[in-house]
């Protein structure tokens, strides 16, 4: 099955939504087991690259459930999962045009889950020809199910169309990034290396937050800075219109596949996080799934002077003027 026809996509979409609900229920069941006096002892955890990146047994159990369910239903499809991939050694690009591919993070926001902070979710993306065409994101603690299928709209809890602020969808603020909510993450690379990724991120965060005219003209005076601890939910909230801008480096395919599908179907823009040499005139490229560098702009309506797309591109260039390039190279990049 190639899953390229409308009927086939409808079937895969319905299957993915149900799978996301069931996997999310597993996450919530594991979380409930730790509530109060009746809770079980803390689940065993193991460290990956550093103490910030915690993985629990729940990750593996949920991924195994998702993978076995997909293999039983679609044996010809490729599967990429965060847990199984992390145990390998290759860091090559994983997304190819060979076969329809499921790209899954069974528990995005593992640190949040470990601390029972509610911003965690299951993320299921379905990819054809290298592009994410279906996305399902279920945050069970919040009872929020984001879903999208190309040409069929993007939805919250299957009934509310995204973005939530509609009729009309607001244009981007005329002085953006001033007036925008800016979403960003600290990431896993915490090495205290001068001019390393963490230092470049912090400088970029401060530039975006500082008063207009500050930071040698780079001050963006964003309305607020938010960090959810989940790249998937960052993208979902950008699709919803709650965030205006999301800027991040270091994510893997499973962190973003479902979120990109939802955001793009909602009308958002996704491009590269790293600024070009000439941000005012450079072409704004389409995102490459697996590039590890992402800048997302919420869905936007037209204003009296520009289309929604023009407003989004204007904000991309304003962000590029204020952020540093990050180094998240991988083989084949």
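Quick rundown of the values:
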| quantity | calculated |
| --- | --- |
| Leading residue by the ranking (farthest from the chain's Cα centre (by Cα)) among those in the range 182-216 that are farther than 28 Å from residue 239 by Cβ and surrounded by 15 or more Cβ atoms within 10 Å (Cβ to Cβ) | 215 |
| Residue 289, sole failed condition from (1) modelled with pLDDT of 95 or more; (2) at negative phi; (3) buried (at least 16 other Cβ atoms within 10 Å of the Cβ); (4) in contact with a helix residue (DSSP H, G or I) (Cβ under 9 Å, 6 or more places away or on another chain) | (1) |
| Filtered residues of the range 176-205 (kept if in contact (Cβ under 8 Å) with a residue 12 or more places away in the chain and within 21 Å of residue 216 (Cβ to Cβ)) | 176, 177, 178, 180, 182, 184, 200, 201, 203, 204, 205 |
| Candidates 45, 98, 52 - the one that is surrounded by fewer than 16 Cβ atoms within 10 Å (Cβ to Cβ), in contact with a strand residue (DSSP E or B) (Cβ under 6 Å, 6 or more places away or on another chain) and modelled with pLDDT under 95 | 45 |
| Single condition residue 83 does not satisfy, out of (1) at pLDDT 85 or above; (2) surrounded by 19 or more Cβ atoms within 10 Å (Cβ to Cβ); (3) in contact with a helix residue (DSSP H, G or I) (Cβ under 6 Å, 6 or more places away or on another chain); (4) assigned to a helix (DSSP H, G or I) | (1) |
| Count - residues of the range 271-306 that are within 15 Å of residue 317 (Cβ to Cβ) and outside any loop (DSSP other than H, G, I, E, B) | 4 |
| Residue within the range 243-252 that is assigned by TED's automatic domain parsing to the domain that holds residue 189 and in a helix (DSSP H, G or I) present | no |
| Segments classed as strands (runs of 3 or more DSSP E), wholly inside the range 96-165, with at least 3 members that are within 20 Å of residue 70 (Cα to Cα) | 101-108, 121-128, 131-139, 144-149 |
| Filtered residue count, the range 217-243, keeping only those that are surrounded by fewer than 19 Cβ atoms within 10 Å (Cβ to Cβ), within 19 Å of residue 318 (Cα to Cα) and in contact (Cβ under 8 Å) with a residue 12 or more places away in the chain | 6 |
| Residue match in the range 165-181 (condition: crowded, with 16+ Cβ neighbours inside 10 Å, touching a helix residue (DSSP H, G or I) at 6+ places or on another chain (Cβ under 8 Å), closer than 30 Å to residue 10 by Cβ and not assigned by TED's automatic domain parsing to the domain that holds residue 128) | yes |
| Top-ranked residue in the range 203-216 [being part of a helix (DSSP H, G or I) and modelled with pLDDT of 95 or more; ranked as farthest from residue 292 (Cα to Cα)] | 209 |
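The values are calculated or read from the model by the stated rules, or taken from the named source; none is laboratory data. Predicted model, so just to flag it, every value in this text is computed and none were measured. Don't worry about glycine lacking a Cβ; one is built from the backbone with ideal geometry, like all the others, and counts go over all protein chains shown.
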